[in-house]
Structures are given as structure tokens and as C-alpha cells.
Amino acid sequence: MGLPFGLELQEATCAMITEQYIAGLFDGEGSVSLQVKDNVPKLEVSIHMSEPASIVLMEINAKYRGKLYTQNRIHRGRSYRMFSARWTNRDEIDSILTVLIPYLIIKKEQAKLARWWVNNCLYKHQCAPWGLDKAREIIIADLKLMKQNPLMKAEDTIDSILNCFGSSYANILRLRGK
């Protein structure tokens, strides 16, 4: 007789959620953003979908330890729920981007830059204080530019950021190889 329709759909959905599938979903519906509020940087990696596809985000969220948010929206007079899976701390971001980067196409460079940032400069105590404000300005601007031009290379932005810190600190980060 089989499972009830909803459970069959859930089982089929779980089976199709591969790393490649998530990367494709992220390329189309995902975003990488860095914002600074009260001089505190906040990097966020997220995927947004409307309610009918929320089961996919729930599965991704469960597997990759993000946070799931819902928001009621109105578009052209119709109400609907928007779901977002978000990764906001260093370990979550590093984990999800490590999985996705090999399969990304459109947002690969944004993801590489975000992963480098969380591993090297996200928190003040890990980053040389001199040049940090300028480095934040560069990454925020370049993440926006990468949305318009996905061929822009993360390595160019990383070099610009490293130049903000002076040669000795920049060499330490280069030697880390991240």
C-alpha cells in the first residue's frame, strides 16, 4: 500500500538532496552577505524558498546545522510564507561552504571569499586591528560586485584585503594557506 503521500514525498525529497543538489539550489536561491552593525561584522550564508519547497530547506538545515527562519510576506496582494536556512557562525559557515564549493558555479567565488574571511578575519581578536575597517569595506563591496560579475576572482579580493594589514601579517595569513 505504501506510505501516505506526504511521507512518500518527504522520503523522495530526502533521497534527492545531495551535495550537488544543494550547491545548485544555493547558486539559484542562496546568498552570501557581510554587514557591519555597531562595528561588529556579521557574515551570513543563506538559502531562501517559499512554503511549498520548505521541506527541502528543513532537510538541508537538519543535515548542515543551520538555523531555519520563517517570514510572512505579501506579493501582489497574496500572502505567503518565506523560509530561510541561515548559517551565521564560523563553524556553520565553514562546514556548509566546504561541502558546497566544489560544486558551485555562479556563487563559487563568493563562497571561497566568505570561507577565507571566516577562517582569517571575521573576529577582531583573530585579525590584526590595523586595516580591519578597510578590509571590511573591501569584502562588503566585492561581495556585492561578485553578485553582478560571478567571474570576479576571490583571490584578487583576498590580496586587496591582505594589503590592508601590512606585509608581516599578510605573510602570516598567506602561510596559513586558507
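The values are calculated or read from the model by the stated rules, or taken from the named source; none is laboratory data. The structure displayed is predicted, hence computed values, not measured ones. Reconstructed Cβ throughout: ideal geometry from the backbone, glycine too, with neighbour counts over all protein chains shown.
Restricting the search to the range 66-86, which residues are free of Cβ contacts under 8 Å to residues at least 40 places away in the same chain and within 13 Å of the chain's Cα centre (by Cα)?
GLY66, LYS67, SER84, ALA85
Provide a single number: the residues in the range 144-171 that are exposed (fewer than 13 other Cβ atoms within 10 Å of the Cβ), in a helix (DSSP H, G or I) and modelled with pLDDT under 70.
Residues meeting the conditions: 3.
Of the numbered conditions (1) part of a helix (DSSP H, G or I); (2) modelled with pLDDT of 90 or more, ALA12 satisfies every one except a single condition; which is it?
All conditions pass for ALA12, except number (2).
Which condition does ILE47 not pass, out of (1) farther than 28 Å from CYS121 by Cβ; (2) touching an Asp or Glu at 6+ places or on another chain (Cβ under 6 Å), if it passes all the others?
(1)
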